[in-house]
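Participant: Can you read through this structure? Questions will come right after.
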Amino acid sequence: MDSPGDKWVGQSLPRFEDAALLTGRGRYFDDCGTPPGTLHAAILRSPHGHARIEGIETAAARALPGVAAILTGEDIRATTTSLVVGVKAPMECWPIAVERVRYVGEPVVVVVATDRYVAEDALDLIEVRYAPLPAVTDPVAALAPAAPVLHDGLKGNLASERRFRYGDPEAAFAAAAHRVRIDVAYPRSACTPIECYGVLAEYDPGEDSYDVFANFQGPFSIHAVIARALRVPGNRLRLRTPPDSGGSFGVKQGVFPYIVLIAAAAKACGRPVKWVEDRLEHLAASSVATNRVTRLEAAVTADGIITALDWDQLEDCGAQLRAPEPATLYRMHGNMTGAYAIRNVAIRNRVVLTNKAPTGLNRGFGGPQVYFALERLVQRIAITLGLHPLDVIRLNLVPTAAMPYRTASGALLDSGDYATALETALRDGRHDELLRRRDAARAQGRHYGIGYTAVVEPSVSNMGYITAVLTPAERKRAGPKNGAQATATIQCDAVGSVSVHVASVPQGQGHRTVLAQVVADELGLRPQDIRVVTDIDTAKDAWSIASGNYASRFAPAVAGVARIAAQQLRARLTRIAAPLLNVPPEDVVLAGGKLHASGNADNALPFARVASSPHWAPGTLPAEDSAPLRETAWWTPPELTAPNESDEVNSSLCHGFIFDFCGVEVDRITGETRIDHYVTMHDCGTVLHPGMVAGQVTGGFAHALGAALYEAHSYADDGSLQTGTFADYLVPTAMEVPAPIILHHESPSPFTPLGAKGVGEGNCMSTPVCIANAVADALGLHDVTLPLLPATLAAHLHGAEPNAPAAAPKGERLLRGEGQARVNAPREQLWALLLDPDALMAIVPGAHGIQRTSPTDYTAEVTLGIGPVKGRYRVALALSDLDEPNALTLSGNAAGALGFGQGRGQVTLTDANGATIIAYRYEAAVGGKVASIAGRLLDGATRVVISQFFAALARQAAPQAPWWQRLLQRLGLRA
Amino acid sequence: MPRLSATQRHSIRFTLNGTPVQGEAEPRMLLTDFLRHVLGATGTHVGCEHGVCGACTVQVDGALARACLTLAVQVQGCEIRTVEGLAPAPGRLSILQEAFRRHHALQCGFCTAGILMSLDAFLRAQPDADEAALRDLLSGHLCRCTGYAPIIAAALDAAARLRETAHA
């Protein structure tokens, strides 16, 4: 396109970001270098879900050359303040364990050393003594009176409870022809960006100020939280971000506790300190979406119209309430009726704490949890009333004529034509053909089902929605919070070239390209003429608390305010050019790199000359236009008001509409779910860049498909993490993700400068439940729990499996086995060996330093490698039930940085003509990192270790002949 | 094979994208850390350090390798290719890179280096690769941004153009 009448916005331009990213010249956190003298941190983390810290022995680590500092929770507490907690409850939130650990992976000690390798060496030398406490991981169990309490100040694990009532739900339920209820538990998952967290921090004691470089994504309301924790005013916390970020999807908001931790370490060391999170740390302890238990009931008329909803939501935020939690629970508060016109709503919201990693932002943020309940319910209503699910959806959609539509709980749905979008999707997405495919498949006895979902996708969060967690009286005391400040700065330099800065902090969303298109349209330039900077330096750039990349706010808010800034700049340019062109300012046209008189393209000035004139010749300009051209625009939508006295909340500015349907087949034998046909219709308002919108949809779809079919952060009942690697936490690959059919129906938002709405999160809200509805349809299921792993569906296909023989106590990983070995030595000789520490040292695999502390008690250090995890364990062994020389019982426990366990083994010695048969049975329970990382290798590894033990015992008791003698014996010869 | 002391730094020499390079490292240093922090070749990214995500994939003597599961001392004397070596000249992109840009086959770009290295080697060995073969190859890489569809499209497009170039 070169004709000046056309617009750049709306075209799928190649991205300006890509040339660098494709050639290895991206500038991600760890590519940006460090100041001279920078030290490197590594973090020792809790292997326990819940334990008291009884002691931390750091002397050996401190003595390691290269170690500069070792910091425990007590050290950090002495120099920082607890992270602020978003509810009125007596609890603290530290970035490192203080006195107690409350989840696997919680930081316990920070080691700072000359390089990361040395820092990790030092971690191995630290001994932490834990007294394990009972853990609770299930949100319902955590509310029981006898449940272990995580935060003593709270008395229980309930951190917040609020009830809301809109319209007259009791009357609606009383009058309802049908009451339809659903109970669901939505699991934890996370979007796992491929780049993990990184923080580089420096402290200047002369100015008592911190300079932090981190791949944080916003919102910058968190800047205030960090500064408060570091005990400095905001202007003494300079926070900068790298130009590129390797994905986030909300997750990199969760780097902020580590900013506090590493900044405190930098202060303690007097040197810059850098920390890069590794993947195991990320999977255990970065940030995940909440899991939620929901009971939802609908009042429904005989015709299928939903007249009321009664929500009971129990939100599990893990071991701490980290800012901005419990925002996941309130982000959707205005949209609790989804895409439907339902006037009566009751809501009970509870927040519970459990021994799991703390939660935070994650693509979809609250939407997946809400829509899984609501859209499963819509399918149940259809089945209960004998209607087609599409009919229930059609009957209840918000009517087009009602737009903009105020929902019962206070959201203002900005625009949309839901009914038309739905019918268009059915037509263009070949719904009729899908029905025929289903019928044909079912005729062959295959499990084929169709699912439907209609959702509204909120974007541009109201910074005040989270205050709905407070009562109106508490809000009044705290002062009103609202709005969604966005800002953009555009300037023209001394040669008239144009630079744009926004505090949008993208992680791959192509902001620089789209902003260049937006600004080029306003200034009559080409996008490639405009340079855009999207990273932030809080000491120099315009920013506010809503800055950052979250709540799908780029297209509606940031791109919009960039247009406003460009319009302000254009107004100044036309005022400067008008007298030179001898026309009034309103007759100046900006096009083709020139400013010219309307209707006379020859009466023109080069853009650069006008744009640079305040630099070179301010004296020729009127006083009000003599300053160089630099315009900073601010925008916050007036629609985003604070929650009112009735708890009505316009939680988001924009509401896109999504209608999805899909056909899936569940394999009769394997239980694998295959997506056969997936259609996703979006109304995200004006599309600014079709290629990027498609990218957001396919990317969100892949995350949602992972959440639906594979991904779940899983914990054993004792708090052990079971998904600690990418071999256990299954992220879908190119083999599992089909391409969805993407359709659009554009209803521009009347509330945003460009008419755009957010589009990045919608499929994370619509797709998990759409797939679940299809699988429920395929198998005739009443209840569906994600992820829909083949193992889960096998019970529906093949009947329930018999229970495993016995569960380990507290849900640890239980290992058991038995075996026997023949040793060519008399029993008495073996018996003596088993009771001799020196002999044991030689035969226990990996043992060193065995000590006999009583006639029947031993301690030892044992180094064992299990799968990829090699570690050192302190082992205590006791012999009991001694029946010389016939039998004894060996019991013991082991603890190390990588895990812990206990076990018992019975050993019997039976005489066999002078030789001895040693028979053994053992039972062991293993927890901690070794169980989460190497769980599936444990059984085999244990068998190997035990067989090594008995082979060594046999060798020690009856040394073998040399190999050549054995070979000759085998050949029947004698040496 | 030389015997190396665990506690000493050793001189390591190899060819990186056609240029001889040299540095020192302890035997335990990963190739990723050596490339990125000793040589300053930061185009190769670290995503999981346990061999699953594929972000660190490089070519060692023409074969694909996870640089996070390779020690720097193991590539002594080898020819290493990384993403920095794919473009024909500064300011230009290869056919494969150009296809990625055209199809929006990257967003954050963090996994992209490894994917490009895998596709570069694969399309050379199997210029007629179809979608199924490409999906199979790409299953060794995790991308969290794109949903893979545009990557498949870019790979198929690049394969077709590379065949045309080969026949021209």
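Participant: Hey, any idea what % of region B:95-167's accessible area is carbon plus sulfur with a 1.4 Å probe?
Facilitator: So the carbon and sulfur contribution to the accessible surface is 53 percent.
Participant: How much length, in nm to one decimal, is gained on full extension between A:Asn886 and A:Ala919, taken as 0.36 nm per residue of separation minus their Cα-Cα distance?
Facilitator: 10.8 nm
Participant: At R0 = 51 Å, how high is the FRET efficiency between A:Thr863 and A:Val149 if r is their beta carbon distance? Nearest 0.05 is fine.
Facilitator: The formula returns an efficiency of 0.85 here.
Participant: How much area per residue is accessible in chain B when the probe is 1.4 Å and only protein heavy atoms are counted (Å²)?
Facilitator: Per-residue value: 43 Å².
Participant: How large is the charge dipole for chain A, taken about the Cα centre, if only the Cβ atoms of Lys, Arg (+1) and Asp, Glu (-1) carry charge, to the nearest 20 debye?
Facilitator: Approximately 760 debye in magnitude.
Participant: Would you mind calculating the relative contact order of chain A from Cα pairs under 8 angstrom and at least 6 residues apart, reporting the percent as a whole number? Let's see the in-between values first.
Facilitator: Numbers: 2375 pairs, mean separation 123.0, N = 975.
Taking the mean separation of contacting Cα pairs over the length of chain A, I get 13 percent.
Participant: A further question on this structure: Report which residues of region A:703-736 become buried by 50 Å² or more of accessible surface when going from the isolated chain to the complete set of protein chains (1.4 Å probe; DNA, RNA and ligands ignored).
Facilitator: A:Phe726, A:Thr733, A:Ala734, A:Met735
Participant: Run the accessible area of region B:10-84 with a 1.4 Å probe and give the carbon-and-sulfur part as a rounded percent.
Facilitator: Working: 1400 of 2830 Å².
Carbon and sulfur together cover 50 percent of it.
Participant: Sticking with this one: Could you pull out every one of the aspartates and glutamates with an alpha carbon less than 18 Å from that of A:Lys7, ignoring same-chain neighbours closer than 8 positions?
Facilitator: List returned: A:Asp521, A:Glu522, A:Asp529, A:Glu746.
Participant: What quantity of accessible surface, computed with a 1.4 Å probe and excluding non-protein components, is buried in total between chains A and B, in Å² to the nearest 100?
Facilitator: 3900 Å²
Participant: Moving on to the next point. Restricting to DSSP H runs of at least four residues, report the calculated mean residue ellipticity at 222 nm for chain B, -39500 (n - 2.57) per run over all residues, nearest 500 deg cm²/dmol.
Facilitator: Per the formula, -9000 deg cm²/dmol.
Participant: Please figure out what share of the DSSP beta bridges in the protein assembly as shown is antiparallel and state it in percent, rounded to the nearest 5.
Facilitator: 85 percent
Participant: Let me ask something additional. Roughly speaking, what is the centre-to-centre gap between region A:201-215 and region A:713-734 when only Cα atoms are used, to the nearest Å?
Facilitator: 36 Å
Participant: Here is a follow-up. In nm, to one decimal, how far is the modelled label at A:Ala401 from the one at A:Asn824, with both set 7 Å along Cα→Cβ?
Facilitator: Reported label-point gap for A:Ala401 and A:Asn824 is 9.9 nm.
Participant: Given a Förster distance of 22 Å, report the FRET efficiency between A:Thr632 and A:Ala478 from their Cβ-Cβ distance, rounded to the nearest 0.05.
Facilitator: About 0.15, to the nearest 0.05.
Participant: How large is the helix-only mean residue ellipticity at 222 nm for chain A, computed as the sum of -39500 (n - 2.57) over DSSP H runs with n ≥ 4, divided by its residue count, in deg cm²/dmol to the nearest 500?
Facilitator: -8500 deg cm²/dmol
Participant: Now for a different question. Under a crude label model (7 Å from the Cα following the beta-carbon direction), how far is B:Gln22 from A:Gln444 in nanometres?
Facilitator: Distance between label points: 6.6 nm.
Participant: Using Cα positions and a limit of under 21 Å, work out the lysines in reach of A:Lys476, with same-chain residues fewer than 8 apart set aside.
Facilitator: A:Lys88
Participant: What is region A:621-699 by shape, rounded, prolate or oblate, if you read a ≥ b ≥ c off the alpha carbon gyration tensor as root eigenvalues and call it rounded for a/c under 1.5, prolate for a/b larger than b/c, and oblate otherwise?
Facilitator: Judged from the Cα gyration tensor, region A:621-699 comes out oblate (a/c at least 1.5, b/c at or above a/b).
Participant: Taking 0.36 nm per residue of separation and subtracting the Cα-Cα distance, what length does fully extending A:Ser12 through A:Val944 add?
Facilitator: Gain on extension, A:Ser12 to A:Val944, equals 329.7 nm.
Participant: Then there's this: At A:Thr471 and A:Ile669, where each label point lies 7 Å from the Cα along Cα→Cβ, what is the point-to-point distance in nanometres?
Facilitator: Result: 6.3 nm between the two label points.
Participant: Between A:Arg955 and B:Arg13, take the C-beta separation as r, use R0 = 51 Å, and let me know the FRET efficiency to the nearest 0.05.
Facilitator: About 0.70, to the nearest 0.05.
Participant: To the nearest 10 square angstrom, what accessible area does A:Glu736 show with a 1.4 Å probe?
Facilitator: Its heavy atoms expose roughly 70 Å² to the probe.
Participant: With charges only on Cβ, +1 for K and R and -1 for D and E, what is the dipole size of region B:10-84 about its Cα centre, in debye, rounded to 20?
Facilitator: On the way: 5 positive and 7 negative charges, 12 e Å.
Here region B:10-84 has a charge dipole of around 60 debye.
Participant: Given a 1.4 angstrom probe, I'd like the percentage of the accessible area of chain A that is carbon and sulfur, rounded to a whole number.
Facilitator: Numbers: 18670 of 35670 Å².
Accessible surface attributable to carbon and sulfur in chain A totals 52 percent.
Participant: Given B:Cys145, B:Leu71, B:Gln8, which one lies farthest toward the positive end of the charge dipole of region B:1-151, if we put +1 on the Cβ of every Lys and Arg and -1 on the Cβ of every Asp and Glu?
Facilitator: Ranked along the dipole, the leading option is B:Gln8.
Participant: Helix by helix through chain A, keep the DSSP H runs that span 27 Å or more along the axis on Cα and average at least -1.0 on Kyte-Doolittle, and give those back in order.
Facilitator: Flagged H segments are A:559-581, A:690-709, A:935-957.
Participant: With a probe of 1.4 Å, find how much accessible area chain A has per residue, and write the answer as a whole number in Å².
Facilitator: Counting only protein heavy atoms, the per-residue value for chain A is 37 Å².
The values are calculated or read from the model by the stated rules, or taken from the named source; none is laboratory data. These numbers were taken from a predicted model, which means no experiment stands behind them. In this analysis, Cβ positions are derived from the backbone assuming ideal geometry, glycine residues included, and neighbour counts consider all displayed protein chains. SASA here: full protein model, heavy atoms, side chains in, ligands and nucleic acids out. Shrake-Rupley method; radii C 1.70, N 1.55, O 1.52, S 1.80 Å.
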